[in-house]
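Taking it in order: structure first as C-alpha cells, then the write-up.
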Amino acid sequence: MTQPMVSLSGLYKIFGARDKDVLQHVKGGMGKEELLAQHGHVLGLNNINVDMQAGEITVVMGLSGSGKSTLIRHLNRLIEPTAGEIIVQGEDVMQLSEDGLRHARQEKMSMVFQKFALLPHKTVLKNAGMPLSVRGEPEADCDKEAAKWLDRVGLSGFENHYPAQLSGGMQQRVGIARALSANTPIMLMDEAFSALDPLIRTDMQDLLLELQKELHKTIIFITHDLDEALKLADHLVILKDGFVVQQGEPQHILLNPNDPYIEDFVSDINRARVLRVRSIMTPLVGGKVPKDAHGEVDVNDTLESMIARSGGDTSHAYIVKDGEQTVGTLDMTELVRALVPRVASEAGARQS
Amino acid sequence: MAFYDKLFSTLGLSDWCGDSGDEAPLSLADLAARAGGEEASGPLVPIPSFDNLHESCNRVWQSRDVTNGIEEGFLAAKPALKTVLDPITQPLSWMLDGALWLFEAMPWFIMVPLLVAISWYASRSRPVTIFVAVSIMLLAVVDHYDVAMQTLSIIFVCTTISVLFGVPIGIAMSKSDRLQKSVVPLLDLLQTLPTFVYLIPLIFLFSVTESKLYGIAIILYAIVPVIRLTDLGIRLVDQDVIEAANAFGMKDRQKLMRVQLPLALPNIMAGINQTIMMSLAMVVIASLVSAPGLGVNVLRGIRNLELGVGIVAGIGIVLLAVILDRVSKAALTRVDKTQVKH
C-alpha cells in the first residue's frame, strides 16, 4: 500500500485551559460527559487514527458535536491538537514553523467552508483568485486562473458580481473555484453543501464528483448527511463523541454496521440507490456462469437500476462483469434481501 | 474645642500634632464666627474632612493644600513636560497655521467650487452636493464665509490627525485584549472630562497665542470615537471570513489590509463622522483660548450680550455641522452598499 496522503495517529483534542493535564484521564478511558462533569473540559477528539489516501474522497460523518469540524481543522492546524501526530505528504504538520505552516496552507491544502466565507467587498473573480494573490502572484495570472475555474464550476459571466448578489449555491461554487484555483493536492471541505437546499446540494455533489474524476485530488469532506456521505465517499469515517466508531468502504459499513449508533443511521437510507452490485454479488470462484442468466451487468450498477431492469422479477439472475471480465453472478432474490437492513431483518425474524 | 480633639488624644498623638494654637482664620466661616463671638455650630458629628481634622491637629493637611499640591506638582513638572512636549507638538502649530493660511488665502471662487466638488466626490449624491453649495453661499451672504473657513481649516487638520493616530491605535487595541483593557478607561476619561477641564493644564503648558494649544484640546476630545469604532469594527469582522483568510495562509499584514480593514470600514467611517462632529463641538469652546473661527463670534455674543451676532454664528456652526455630517454619512452609506453581508 502506498503512503497515505494524510495520516492522523493518536490525535486528541481537549478544549479547556488544562488540556494537557486531563489528557491522562481521557487516555484512561474517561468519556465526554464524565470529563465535562468532573474536570470542566470538553472532549473534542479522542484517539483518532485515520489514513487518507491520495486521490480519494474521505468523508468524515457524524452528528453535530461529534467533533468532525474540529477534526478537519487539525489538518491545517486552524486548531492545535492536545496530543497526536498529523502527517501530510510524509511531513509532520506539528513540526512546521509559522512560515512552514503558512506555506503548507497556501500550497498543500485549500478549504471550502459551510458558510462560504467569501470576501464580501471583492468581486467573484477576485474572490476566486484570492489564494493565488495571497501567494503574491501577479494580478493578471490570478485573474486568468480564477476565470478558468469559475468557468469550470459554471459561473462564467458572473466574474464582476459581488458575492451578496449571488444565490447560496452560486456562492459555494465560488468557494469551490477559490479552493481549486489554489491548485493544492488536498481539498478540505467543511460541511460544504450543508447550507444549501436539497436540489442544489445534489447538483453540487454531482459537480464535485465530476471534477474529482478529472482532477484526482485528495478530498476530505465533512458532512452530517449519510446520503451525501455514501454518495461521495471512497473511504467513510463515522465519528461519535470525538472517536471513530467505524471506518472503511461505505458499502461495507452499510452492510456490516458494527455499532447500534451506525445501525440507527443506516436504517433510514435508500439502500437500493446506494448499494452497488459488487457489494452483494456472489463472486465467481471457479464456479460456472448460470445458463439461464438474463443478461450482463456492471459491478458498479446500483441496485435501483437492477430493479428497474428486471422489472421487479425476483427470479432473474445476471452475470456481473467488471469491464471485460466476468467476476460474479447476481441473483435477484439476494438483491431483495440486501435491501432490508440487518436490524430490521433480525427484528422480523424474532417476530415470526 | 474641636470635635476630633479627643480622638487624637486617645491615640496618643497630641504631641505629634503639636500646639493647635493656630489663630489665623482659616475660612470665611471662621471669620464670621469670630465676628459673631461664638463658635460656628456645625452638625453634631462633623464629617472627618481634612479641614475638620485640621482644627484638632495641626499636622493634618487642609483641603486647600491638596489643590495647592496639585498645582505645585504640575508647575514643578512643567519645565520637563514642556521640553518634551513642545518640540513634539510644534508641527501641530505649523499645520494649523498653514491650513489656516491656505484656507484664507484661497480665493472664494476657487474654494467654493472645490468644496462642492469634494462633497460630490465623497457622497456621489446630488441633494447633498446642492445642499453644501447652498449652505456655503448662505454663510457667504451674511459675511461669515471667512470665519467659517477658519473653523473648517481647524476641523480639517484636527480630524486628519485624529484619524492618522486613532485608526492605528484602534487596530492595536483590537489585536490585544490587554491593551484594550488599559486604553478604554483612558478613553472614557477623555470623553467624560468636561471640555473646559482640558484647557486648564494646556494653558499652563503652552502659551495661549500658540495654535497647538487648541489643536491638542480638540484632538484629545475628538480622537476617542475613531479609536473606539476602529477597535470595535475589527473585532466584529465575521470570524468565518477570518478563518478562511487563515486557511489560505494569509500573513497578518495581508489579513489586516485585505480582510479586516475593508470589512471594518463602515464602522471606521462612522467613527470618523463622530470625530468630525466632536471636533466641531470643541472648536467653539476652543475659541476661549484664541482659536479663530465661528466660535469667536459666539463668544462675542456671550461677552457683549450681542444676541444677533451670537445667533448668526450659532446657525453658521449648525450649517457647517450639517454639511460635514451629511457628506461623511453619504460617504459611509456608499461604502456600506458595496459590501452587503450575505
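Return the only residue of B:309, B:322, B:283, B:289 being surrounded by 21 or more Cβ atoms within 10 Å (Cβ to Cβ), within 26 Å of residue B:99 (Cα to Cα) and of a type in the set (A, V, I, L, M).
Numbers: B:309 fails: surrounded by 21 or more Cβ atoms within 10 Å (Cβ to Cβ); B:322 fails: surrounded by 21 or more Cβ atoms within 10 Å (Cβ to Cβ); B:289 fails: surrounded by 21 or more Cβ atoms within 10 Å (Cβ to Cβ).
Just a single option satisfies the conditions, and that option is B:283.
Residue B:255 passes all but one of (1) in a helix (DSSP H, G or I); (2) on the phi > 0 side of the Ramachandran plot; which number fails?
(2)
Of A:116, A:158, which residue is facing another protein chain (nearest Cβ under 8 Å), closer than 25 Å to residue A:200 by Cα and not hydroxyl-bearing (Ser, Thr, Tyr)?
Numbers: A:158 fails: facing another protein chain (nearest Cβ under 8 Å).
Answer to the check: A:116.
Quick test of your reading of the structure: residue A:144 fulfils all but one of (1) surrounded by fewer than 19 Cβ atoms within 10 Å (Cβ to Cβ); (2) within 12 Å of another protein chain (Cβ to nearest Cβ); (3) among the basic types (Lys, Arg). Name the failing condition by number.
(2)
Tally time: how many residues in segment A:161-212 are among the acidic types (Asp, Glu) and either away from every other protein chain (no Cβ under 14 Å) or farther than 25 Å from residue A:52 by Cα (or both)? Please lay out each step first, then the result.
Pass one, segment A:161-212, residues among the acidic types (Asp, Glu): A:190-191, A:197, A:203, A:206, A:210.
If we keep only those that are either away from every other protein chain (no Cβ under 14 Å) or farther than 25 Å from residue A:52 by Cα (or both) too, we end up with A:197, A:203, A:206, A:210.
Counting residues in segment A:161-212 that are among the acidic types (Asp, Glu) and either away from every other protein chain (no Cβ under 14 Å) or farther than 25 Å from residue A:52 by Cα (or both) gives 4.
Kindly indicate which of A:73, A:77 is closer than 30 Å to residue A:36 by Cβ and either in contact with a Pro (Cβ under 7 Å, 6 or more places away or on another chain) or outside any loop (DSSP other than H, G, I, E, B) (or both). Steps first, please.
Details: A:77 fails: either in contact with a Pro (Cβ under 7 Å, 6 or more places away or on another chain) or outside any loop (DSSP other than H, G, I, E, B) (or both).
Step by step, each of A:73, A:77 is checked, and only A:73 is closer than 30 Å to residue A:36 by Cβ and either in contact with a Pro (Cβ under 7 Å, 6 or more places away or on another chain) or outside any loop (DSSP other than H, G, I, E, B) (or both).
Any idea which of (1) crowded, with 18+ Cβ neighbours inside 10 Å; (2) away from every other protein chain (no Cβ under 14 Å); (3) in contact with a Gly (Cβ under 6 Å, 6 or more places away or on another chain) is the one residue A:125 doesn't satisfy?
All conditions pass for residue A:125, except number (3).
For every residue, the table says whether it meets (1) touching a residue at least 40 places away in the same chain (Cβ under 8 Å); (2) under 30 Å from residue A:107 (Cβ atoms); (3) within 11 Å of chain A (Cβ to nearest Cβ).
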{"position": "B:217", "(1), (2), (3)": "yes, no, no"}
{"position": "B:226", "(1), (2), (3)": "yes, no, no"}
{"position": "B:236", "(1), (2), (3)": "no, no, no"}
{"position": "B:239", "(1), (2), (3)": "no, yes, yes"}
{"position": "B:249", "(1), (2), (3)": "no, yes, yes"}
{"position": "B:255", "(1), (2), (3)": "no, yes, yes"}
{"position": "B:274", "(1), (2), (3)": "yes, no, no"}
{"position": "B:279", "(1), (2), (3)": "yes, no, no"}
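Looking only at segment A:12-50, count every residue that is outside any helix (DSSP H, G or I) and free of Cβ contacts under 8 Å to residues at least 40 places away in the same chain and tell me the total.
As a first pass, look at segment A:12-50 and keep what is outside any helix (DSSP H, G or I): A:12-18, A:28-31, A:40-50.
Cutting the leftovers down to free of Cβ contacts under 8 Å to residues at least 40 places away in the same chain gives us A:15-18, A:28-30, A:40-42.
Summing the residues that are outside any helix (DSSP H, G or I) and free of Cβ contacts under 8 Å to residues at least 40 places away in the same chain in segment A:12-50 gives 10.
Mind listing just one residue for me: the one in segment A:80-99 that is closer than 21 Å to residue B:242 by Cβ and part of a helix (DSSP H, G or I) and, of those, farthest from the other protein chains (Cβ to nearest Cβ)? Walk me through how you get there before you give the answer.
So in segment A:80-99, the residues closer than 21 Å to residue B:242 by Cβ come out as A:80-81, A:93, A:96, A:98-99.
Applying the additional criterion that residues be part of a helix (DSSP H, G or I) yields A:93, A:98-99.
Details: A:93: 13, A:98: 10, A:99: 9 Å.
Applying the filter and picking the extreme gives A:93.
Might you check whether a residue that is out of contact with any Lys or Arg (no Cβ under 6 Å at 6 or more places or on another chain), among the β-branched types (Val, Ile, Thr), part of a helix (DSSP H, G or I) and at pLDDT below 95 occurs anywhere in segment B:168-178? Before you say what the answer is, go through the steps one by one.
At the first step, the residues of segment B:168-178 found to be out of contact with any Lys or Arg (no Cβ under 6 Å at 6 or more places or on another chain) are B:168-173, B:175-178.
Going one step further and asking which of them are among the β-branched types (Val, Ile, Thr), we end up with B:169, B:171.
Remaining after also requiring part of a helix (DSSP H, G or I): B:169, B:171.
Next, from what is left, pick out any that are at pLDDT below 95: none.
Taking every residue of segment B:168-178 in turn, none turns out to be out of contact with any Lys or Arg (no Cβ under 6 Å at 6 or more places or on another chain), among the β-branched types (Val, Ile, Thr), part of a helix (DSSP H, G or I) and at pLDDT below 95.
The values are calculated or read from the model by the stated rules, or taken from the named source; none is laboratory data. Since the structure is predicted, the reported quantities are computational estimates derived from the model, not experimental observations. Note: ideal-geometry Cβ built from the backbone for every residue, glycine included; neighbour counts use all protein chains shown.
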